[in-house]
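Just so it is clear, none of the values below were taken in a lab; they were calculated from the coordinates. Worth saying up front: this structure is predicted, and the values here are computed from it rather than measured. When we count neighbours, we look across all protein chains shown, and the Cβ atoms used for this are built from the backbone with ideal geometry, even at glycine.
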Amino acid sequence: MSRLLTQIPGPRSQELTARRKGAVAAGVGSTLPVYIDHAEDGLLVDVDGNRLIDLGSGIAVTGVGNPAPRVAAGVHEQIDRFSHTCFMVTPYEGYVEVCERLNALTPGTHEKRSVLFNSGAEAVENAVKIARHVTGRAAVVVFDHAYHGRTNLTMALTAKAMPYKHRFGPFAPEVYRVPMSYPFRDGLGGPEAAARAFDVIEKQVGASDVACVVIEPVQGEGGFIAPAPGFLPALSAWCRERGVLLVADEIQTGFCRTGTWFACEHEGVVPDLVTTAKGMAGGLPLAGVTGRAEVLDAVHPGGLGGTYGGNPVACAAALGAIDTMTELDLNAAARRIEAFVLPRLRAAVGADGDVRGRGAMLAVEFAAQTPEVAARVAAACHASGVVVLTCGTYGNVLRLLPPLVIPDDLLAEGVAVLEKAITEGVGR
């Protein structure tokens with residue numbers, strides 16, 4: 001169970017914060033300035049001995065546990081053998097095996113190929129590169145409230161200015177933004193919201209100039225927005241009919257997070273390209289682009305890659321993580337988390353907002369489009385030793401990303417703290 005020995009942050013964390021100010025760039029933020037010494041499933045233990053309930057998983061990264069036994073064992077075994085060769089110089093089996101797993105797990109029965117990178121932003125950027133190369137077109141369509149990364153191109157794809165884009169331009173050209181299906185705010189059904197988006201594309205871009213449409217099946221940083229039923233299938237059909245590649249950014253939604261291996265599966269959507277990262281390697285940096293064989297193989301040799309992409313230690317971690325997901329049936333675990341958490345949060349929030357989500361990717365959007373209530377609720381949780389995150393274009397969304405292996409008693413304790421914080425935070 002959780003345990004607080006000091007105020008949050010404690011004296012040792014405060015000392016480290018003082019050291020940080022003289023060493024770490026001020027532009028790097030932290031949600032909760034407690035410094036972690038070690039972790040257990042569902043718990044973060046800080047340098048002051050405080051045991052914090054983790055409902056964030058390092059932003060959906062440590063779903064399989066922290067540390068996960070199979071991940072740790074794979075890392076130790078691999079690091080004792082070798083740490084790096086660069087797959088583009090002298091390859092190794094782990095890279096091939098991770099690609100085989102991605103090809104088998106991602107949606108669709110068609111023949112696939114994969115390529116590995118270091119981060120989600122790098123994966124998205126390379127998916128766009130591939131789409132432009134294969135189609136010979138330049139335009140990229142993205143959506144309101146999207147978040148795709150912090151590189152120059154992915155900043156252009158990202159919708160939110162502060163803190164991600166402010167004074168970092170100019171950005172990559174030929175990126176076009178269209179309305180997203182946002183049931184809580186627009187009240188539109190999926191087909192109607194899709195038609196609205198298509199109208200903007202046809203008028204402002206022209207379908208014949210679009211290389212790809214990039215979408216998070218459930219938006220992450222933008223507010224955990226799940227489009228209305230029918231939106232994603234309509235988008236997939238529109239792309240297929242016009243020779244536009246559909247890129248599913250499954251970086252936050254993938255690997256059992258929403259109760260299926262990938263969020264596209266909820267409506268049977270089969271993308272042309274899928275980007276992955278976060279939960280794939282149990283905390284080590286690894287990302288991928290997986291897609292149709294004829295698309296990936298169309299890029300000339302040497303056109304894809306990177307010095308550290310598919311590092312052997314990260315690949316070993318990914319194989320251990322995927323084995324864990326399979327053996328523990330973490331898709332079912334995510335669905336159990338949803339079944340326990342959603343009714344309780346809906347009762348706590350009532351008419352003061354929207355409670356939504358799939359699997360262990362859950363959110364509360366407070367009705368006011370201002371950050372004050374969400375910030376107040378998050379601060380109360382933090383003071384009580386429960387790590388939660390905020391998000392949303394307006395900062396008014398509280399998001400939960402618990403480890404998929406979190407023990408039932410810890411989950412119940414964390415949700416009880418959150419319920420109390422919500423009731424007090426909205427002034428009831």
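Data table
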read-out	value
Under Karplus coefficients 6.51, -1.76 and 1.60, residue-wise ³J(HN,Hα) of segment 185-192 in Hz, glycine/proline x	9, 9, x, 8, x, x, x, 5
Farthest toward positive dipole pole in segment 69-327 [+1 Lys/Arg, -1 Asp/Glu at C-beta], among Thr109, Val200, Ser181	Val200
Segment 1-53-segment 289-363 distance, computed between alpha-carbon centres (Å)	26 Å
Share, in percent, of DSSP beta bridges within segment 149-290 that are antiparallel, nearest 5	30 percent
DSSP bridge pairs, the chain: antiparallel proportion in percent, nearest 5	65 percent
For segment 261-275, Karplus couplings with θ = phi - 60° (6.51, -1.76, 1.60), whole Hz, Gly/Pro x	4, 9, 5, 4, 5, 4, 10, x, 7, 10, x, 7, 9, 10, 9
Packing-based order for 185-195, 73-83, using average beta carbon neighbours within 10 Å, highest first	185-195, 73-83
Choice from Thr106, Thr276, Thr151 showing the highest fluctuation, given a GNM over the chain with Cα pairs closer than 10 Å	Thr151
Per DSSP, loop GluC sites (Glu not before Pro) in segment 83-168 with at most 15 further Cβ within 10 Å	Glu111
Phi to ³J(HN,Hα) by Karplus 6.51 cos²θ - 1.76 cosθ + 1.60 over segment 142-149, Hz, x for Gly, Pro	10, 10, 3, 6, 6, 9, 10, x
Lys, Arg +1 and Asp, Glu -1 on Cβ, resulting dipole of the chain about Cα centre, debye, nearest 20	940 debye
Euclidean distance between Cα centres, segment 59-78 to segment 227-276, Å	27 Å
Length added when fully stretched, Ala138-Ala18, from 0.36 nm per residue minus Cα-Cα	38.5 nm
Other-chain or far-sequence residues with amide H under 5 Å of Leu55's (modelled H)	Val387
Per DSSP, loop trypsin sites (Lys or Arg not before Pro) in segment 273-357 with at most 13 further Cβ within 10 Å	none
Highest average packing first - 22-30, 173-181, 56-64, Cβ atoms within 10 Å	56-64, 173-181, 22-30
Highest-first arrangement of 371-379, 390-398, where packing means the average Cβ count within 10 Å	390-398, 371-379
Residue among Ala146, Ala348, Ala314 with the largest mean-square fluctuation in a Gaussian network model of the chain, springs linking Cα atoms under 10 Å	Ala348
